[in-house]
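Heads up, the thing below is written out as structure tokens.
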Amino acid sequence: MADRFEPVLLDNDDTRLRRAWHPVGRSVDVGAEPFPARLLGTPLTLVRDGVVARAGHGREDEPHSPVRVVEGEAWGVQEIYGLVWVALEPPVAELPRIPEWFDPAYHSAVLTRTTTVGAGVLIDNFLDVTHFSYLHRQSFGRAKAVTDEGYSIIAKGDFVQLQHDTVLQEGRRQNNGEFGQRRIATYTYWPVYITHLQMYFPVDGDEAAATLVCQPESSDLTRAYVLVLIPRTDPGLDDQVRFSRQVLDEDLVIVERMADPRLCLSVRSELHTRADRAAVEMRRTLSDFLDACTVAQSTDAASAGASVPAAEVLA
Ligand SMILES: [Fe+2]
């Protein structure tokens, strides 16, 4: 009998993930020249048929030259959120809707980084708000430890939402003269590796959003993308991209020190605290998603076997 505390680790190139959409590059980086990419250990080459790149932010129906996979086998390609996405096999779920992307009042940019850590670990880390005080002191950390105060979650089966109301940058004075900046954050996680963060600063009325999306390139390589979205009335897009890069780099410093780069899916093998409920629900949602992938793969395998009539096999 399997030990119930035996860790279940998710390989970064797990073949079940062939049943999901993954980013393989930024839209701005894919043009008429062959663009090499790797997904779940599968090498791919992509080419844009024409010169009009999908111009990043905006409407679903904007004109653009399509991207094709010219080397390597893929089921489909699509372009959205400033990224080119590939599914190696028919996906079990569509990509989620990022509202700010379709909001003409916003503009956006995508930054990217490569790391040796598994994509699941990056998502897990992004959902962890308790590390602000020790990991992000340089960027936005507060002096006091972040607890589960102001922390609530919703798990709806195919997504997990965390709302977190806290005070950051305690050493700085805000517009109303008080120290610190209150931030109401909503994190929404969808399988496989997408987490959208919406931020609202009630004292100034400012809003911003950032989406972390991960490309599991191979067993030991992940490309992380951060889609930075801010209102057009805010001219500081470049500053926000720089800030997001700094925050991501601070996260990578710590996750790259982990002994095992794989996400542990079993919730009983690790210690989870009350301020870590989103991470527990994320593991449950991701495990259900992986089960759906397994069912789809075995159903297809069974029907592929059944679709060849015995007479043809014998002939
Ligand atoms: Fe972080």
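The values are calculated or read from the model by the stated rules, or taken from the named source; none is laboratory data. Every value quoted in this text rests on a predicted model; they were computed, and no experiment measured them. Every residue, glycine among them, receives a Cβ derived from its backbone with ideal geometry; neighbour counts consider all protein chains shown.
Remarks
Yes or no, residue by residue, for (1) free of Cβ contacts under 8 Å to residues at least 40 places away in the same chain; (2) within 16 Å of the ligand (Cβ to nearest atom); (3) within 27 Å of Leu162 (Cβ to Cβ); (4) in a loop (DSSP other than H, G, I, E, B):
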residue	(1), (2), (3), (4)
Ala53	yes, no, no, yes
His64	yes, no, no, yes
Glu79	no, no, no, no
Val86	no, no, no, no
Glu89	no, no, no, yes
Glu94	no, no, yes, yes
Trp101	no, no, yes, no
Ala109	no, no, yes, no
Ile123	no, yes, yes, no
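- Inside region 218-243, residues that are within 14 Å of the ligand (Cβ to nearest atom), at pLDDT 95 or above and out of contact with any Cys (no Cβ under 7 Å at 6 or more places or on another chain) make up a count of 1.
- Filter result for Arg277 (over 22 Å from Leu221 (Cβ atoms), charged (D, E, K, R) and touching a residue at least 24 places away in the same chain (Cβ under 8 Å)): yes
- Meets criteria (crowded, with 20+ Cβ neighbours inside 10 Å and either touching a residue at least 12 places away in the same chain (Cβ under 8 Å) or on the phi < 0 side of the Ramachandran plot (or both)) for Leu252: no
- Matching residues in region 135-153 - criterion: being near the ligand (Cβ under 10 Å from one of its atoms) and outside any loop (DSSP other than H, G, I, E, B): Leu135
- Picking from residues in region 224-237 that are touching a residue at least 60 places away in the same chain (Cβ under 8 Å) and not hydrophobic (A, V, I, L, M, F, W, C), the one that is surrounded by the most Cβ atoms within 10 Å (Cβ to Cβ) is Tyr225.
- Check on Ser218, closer than 13 Å to Phe126 by Cβ and surrounded by fewer than 22 Cβ atoms within 10 Å (Cβ to Cβ): no
- Pro261 falls short of the stated requirement of being more than 15 Å from the chain's Cα centre (by Cα), free of Cβ contacts under 8 Å to residues at least 24 places away in the same chain, part of a loop (DSSP other than H, G, I, E, B) and away from the ligand (no atom under 16 Å from the Cβ).
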